[in-house]
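To start, the structure itself, in structure tokens.
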Amino acid sequence: MLENDENKPPQPSGSDKPDIVALMQSLINSQKERDRRQEERDKRQEERDKDRDKRQEDRDKALNDKLSVLADSMKVVTDSVDNLQKNMLRTSQHHAAPVSFSALMPIDEGPFASPTGGRTQRSEYDSEGVRTSQLLERLGEGWLDAYNAVSDADCAAIANSTRGFCRRCNYSDLGPEKHRQTVVHELFGAIEALLMPQRTNGTAMLRWEDRHDCPMSNGRKPDGILQARVYGLDTDWQSVVVSVELKSADHSHGDNHLRGQIFQNFLDMSEDQPRRYMLGLAVAGKCQARAYLCTPSGVVFSNVGLLQSAGDVTAEHKKFIRFIMVLYKMLPHDYGFLPLKECGVLDRFMLKDIPNCELPDTDTSNMTVTVSGRKTFGGRHAMLIGPQSWIYRVQIGGADGSTTSAIFKFIWHPKDGSEVAVHKKVQEMGIPYIPRLLHSATIAVRNQGQNSEEKLQGEILVIEDAGLSVYEFALNAIRSGCSNQLIDIFAGYMHTLLAAASADEHIYVLHRDVSIGNLFVCNNQPVVIDWGCGMIAQRTVARTPSDIKFVGTAPFMGIRVLQKSPIRTIIDDLESLFLVLAHIVWNVYGTRSSNYQTLWGRASEMVDVADARTLWLGSETELINRMGFKEEESVLVDLVKRLYKLLFPVDIRISEISESPSDPRLAKFRAKKWLEEFESAAKKSSVTEMPCLVKLREFVEANPRLELPRNTFESGKRKTGDRRDSSFFDSAEPHSKK
């Protein structure tokens with residue numbers, strides 16, 4: 001049966017049919033748009049999160065940097081004492097007199113210091129008055145007499161007069177606030193004003209100056225200074241006689257910080273001003289005052305009472321005022337300044353102005369010395385103990401009004417040594433390239449107390465102008481394209497060292513401090529200065545190890561000297577000469593590797609230098625790699641390699657060199673072989689005239705005994721069958737040094 005059409009559902013027309021594909025596509029597009037927008041929102045949120053994290057990271061980094069700087073600063077001030085004491089005990093810059101460890105202990109702790117260095121409970125034996133007197137005895141009898149001459153009545157009068165300043169403070173300690181420190185400075189000023197009328201002899205007093213907000217020329221700011229009145233000159237470290245530091249923490253907690261600052265003040269004070277000793281004053285905690293004394297034999301301190309800040313005047317307050325009054329009573333030369341003048345600062349003076357200076361004649365005593373710029377250009381004053389020296393460029397004025405350029409050197413050293421004697425001897429021997437000694441004098445130390453440990457004497461040397469240091473000359477020569485001149489200059493230095501050790505039949509001289517600061521060039525001629533570490537010895541006198549073995553400058557000491565061998569030889573001087581050349585070449589043609597500072601830094605430990613040197617000179621490959629030579633090699637680089645092969649031959653290990661009782665290289669030493677290496681390097685250079693090299697050849701050819709085989713030693717005794725006197729090659733310190 002056919003279905004009825006009327007019962008069928010209505011069918012949509014073609015226009016009414018939905019476009020399923022378009023609908024689906026629209027839905028898909030809408031979802032994509034929503035996803036895109038969500039992705040953009042997520043991306044923006046991620047960027048905001050990253051930016052927030054970055055800002056937080058920057059804030060954290062800034063905070064960590066500040067904390068790191070603070071930690072570094074705290075570490076620096078905490079470690080400064082230890083580092084400076086290591087410097088004092090180090091002999092890298094100069095030969096040091098024997099120093100007892102007790103000389104490095106604080107006076108009021110020495111007998112009672114614990115083995116670990118901490119403080120122990122005080123004893124009744126530790127009398128403050130007695131210990132202060134011991135400190136003053138080291139300065140001389142005049143200081144102790146002046147201290148004992150101050151009466152309690154005088155101290156009480158000044159204390160009562162300054163009570164107004166104390167009331168303004170009204171605190172039991174200094175505290176961190178600056179106004180409290182200001183009160184302390186005003187108190188010093190009041191004491192100064194009260195003492196001024198007491199000076200009836202016409203001499204000027206010292207002057208107090210607040211410096212905690214006013215930096216010195218090098219940027220450092222001591223809290224206060226007592227200085228010599230230097231009219232017409234700006235305040236600087238040269239005129240300071242006592243440096244003062246103030247801290248809120250007491251000495252037991254802030255001692256390292258305080259001592260570090262005081263010790264650095266000492267180094268600044270001695271940089272350009274010759275001094276036999278230096279004084280510092282630290283006031284900390286509840287106004288406890290402590291005086292520091294730095295002498296060539298050590299640094300000591302003593303408690304010197306309390307600075308009055310509040311309350312009634314006590315014995316400790318009067319003790320401090322007594323000490324301050326003594327400081328004001330002394331003159332600059334009483335503080336170890338060189339010239340006997342009102343200001344004491346080296347500028348223009350006569351040799352007769354120097355206290356206790358023993359001069360050979362009237363003409364010398366009336367000779368005027370004008371210091372160029374009042375600044376040193378050399379010397380051994382970067383260490384706080386041991387022999388000290390200062391070297392200046394000066395103009396010497398004669399009686400006829402003429403002036404001569406010269407070098408003026410002042411030295412404090414042990415009494416058993418004499419640079420003047422060594423310099424005169426090498427000059428008398430006719431050693432080439434030695435500057436002429438124009439004038440010399442000795443200075444006796446006559447005002448020391450009976451219990452003083454100082455066994456020093458002073459010396460003055462005036463030598464003819466030595467020109468430029470070899471490093472300055474090298475830089476100038478390289479800039480002008482004349483670097484090959486250094487071959488001739490170093491041949492001249494070698495001539496000097498060989499001649500000093502062999503020119504005389506009865507004695508020999510070793511320099512023992514060949515370094516970049518002691519080699520000069522004047523008018524294209526080499527000059528060897530500073531024979532203060534030099535040793536004069538008799539060839540026929542039995543040689544024994546010395547109490548002063550390790551003289552020299554650490555970066556330029558031979559490997560055996562760094563290992564503390566008691567025997568010094570001509571090889572050690574030649575090795576130092578090689579190191580000077582290597583140092584110059586490294587700076588000009590090489591790159592500064594990680595161990596550069598360890599090898600050449602002034603404050604390097606000897607053991608660290610020795611370790612780095614062993615690695616550097618272990619092989620020629622290591623030599624080249626660690627110096628980082630560029631591809632183009634100069635003639636000077638070639639000379640360094642040639643001398644290296646002579647000093648460190650492949651058949652002798654560097655450990656054998658450093659550890660053997662006697663230097664195994666001596667058996668291979670031939671002066672002619674060294675000459676040939678210089679001549680081979682010279683042939684590759686563009687320099688046609690090398691007068692120093694010619695003179696070296698003439699000297700070597702005139703001394704055939706330098707080429708004889710070297711005999712050996714056992715326990716300092718000569719074996720039978722010796723073919724020559726080997727004192728020239730192998731010498732321990734004689735009983736009579738220098």
Any chance the stretch 590-611 includes a residue that's of a type outside the set (Gly, Ala, Ser), at pLDDT 85 or above, within 30 Å of Ser502 (Cβ to Cβ) and crowded, with 19+ Cβ neighbours inside 10 Å? no
Could you tell me whether Ser217 is modelled with pLDDT of 85 or more and open to solvent by 50 Å² or more (accessible area, probe 1.4 Å)? yes
Taking the condition surrounded by 23 or more Cβ atoms within 10 Å (Cβ to Cβ), touching a residue at least 60 places away in the same chain (Cβ under 8 Å) and over 31 Å from the mean Cα position of the chain (by Cα), does Cys294 pass? no
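Of all the residues that make up the stretch 535-545, how many are open to solvent by 20 Å² or more (accessible area, probe 1.4 Å) and at pLDDT below 80? I'd like the intermediate steps shown before the answer.
Keep residues of the stretch 535-545 that are open to solvent by 20 Å² or more (accessible area, probe 1.4 Å), which gives 536, 538, 540-545.
Add one more test, that the residue is at pLDDT below 80, and what stays is 538, 540-545.
So the count comes out to 7.
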Any chance you could count how many residues in the stretch 412-434 are hydrophobic (A, V, I, L, M, F, W, C) and touching a helix residue (DSSP H, G or I) at 6+ places or on another chain (Cβ under 6 Å)? 3
Unmet criterion (only one of (1) more than 25 Å from His495 (Cα to Cα); (2) over 31 Å from the mean Cα position of the chain (by Cα)) for Met690: (1)
Whichever residue in the stretch 636-657 is open to solvent by less than 20 Å² (accessible area, probe 1.4 Å) and touching a Leu at 6+ places or on another chain (Cβ under 9 Å) and, among such residues, is nearest to Pro566 (Cα to Cα): Ile657
Among Ser405, Ser389, Ser309, which is the only one that is touching an Asp or Glu at 6+ places or on another chain (Cβ under 9 Å), of a type in the set (S, T, N, Q) and at pLDDT below 75? Ser309
Restricted to the stretch 465-495 and to residues being more than 13 Å from Leu581 (Cα to Cα) and of a type in the set (A, V, I, L, M), the residue surrounded by the most Cβ atoms within 10 Å (Cβ to Cβ) is Ala466
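Identify all residues within the stretch 238-250 that are open to solvent by 10 Å² or more (accessible area, probe 1.4 Å) and more than 15 Å from Leu338 (Cβ to Cβ); write none if there are none. Even if it seems obvious, please write down each step before you answer.
Looking only at the stretch 238-250, we keep the residues that are open to solvent by 10 Å² or more (accessible area, probe 1.4 Å), and these are 238, 247-250.
Within the stretch 238-250, Lys247, Ser248, Ala249, Asp250 meet the criteria.
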Subset of the stretch 669-686 [part of a loop (DSSP other than H, G, I, E, B) and in contact (Cβ under 8 Å) with a residue 60 or more places away in the chain]: Phe669, Ser685, Ser686
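Those residues that are of a type in the set (Gly, Ala, Ser), at pLDDT below 80 and either open to solvent by 10 Å² or more (accessible area, probe 1.4 Å) or assigned to a strand (DSSP E or B) (or both), I need them from the stretch 344-386; list them, please.
Residues of the stretch 344-386 of a type in the set (Gly, Ala, Ser): 344, 365, 372-373, 378-379, 382, 386.
After this cut, where a residue has to be at pLDDT below 80 as well, the list is 344, 365, 373, 382, 386.
Within the stretch 344-386, Ser365, Gly373, Ala382 meet the criteria.
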Can you give me the number of residues within the stretch 389-428 that are open to solvent by less than 50 Å² (accessible area, probe 1.4 Å), closer than 19 Å to Phe349 by Cβ and over 20 Å from the mean Cα position of the chain (by Cα)? 7
Thr614: passes all of (1) among the polar types (S, T, N, Q); (2) outside any helix (DSSP H, G or I); (3) farther than 21 Å from Val521 by Cβ but (2)
Taking first residues from the stretch 182-200 that are of a type in the set (A, V, I, L, M, F, W, C) and second residues anywhere that are open to solvent by 60 Å² or more (accessible area, probe 1.4 Å) and modelled with pLDDT of 70 or more, the pairs with Cβ under 8 Å that are 6 or more apart or on different chains are Ala190/Ser161; Leu194/Ser161
Any residue in the stretch 522-534 that is among the small types (Gly, Ala, Ser) and either open to solvent by 10 Å² or more (accessible area, probe 1.4 Å) or more than 30 Å from the chain's Cα centre (by Cα) (or both)? no
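Against the condition in a loop (DSSP other than H, G, I, E, B) and under 21 Å from Gly417 (Cβ atoms), how does Val514 come out, does it pass? Break it down into steps so the answer makes sense when it comes.
Working: in a loop (DSSP other than H, G, I, E, B): yes; under 21 Å from Gly417 (Cβ atoms): yes.
For Val514, the condition - in a loop (DSSP other than H, G, I, E, B) and under 21 Å from Gly417 (Cβ atoms) - is met.
The values are calculated or read from the model by the stated rules, or taken from the named source; none is laboratory data. This one's a predicted model, so the numbers in the text were calculated from it and none came from an experiment. Counting neighbours? That spans all protein chains shown, and the Cβs are built from the backbone with ideal geometry, glycine included. With ligands, DNA and RNA removed, areas are computed over all heavy atoms of the protein, side chains included. Shrake-Rupley method; radii C 1.70, N 1.55, O 1.52, S 1.80 Å.
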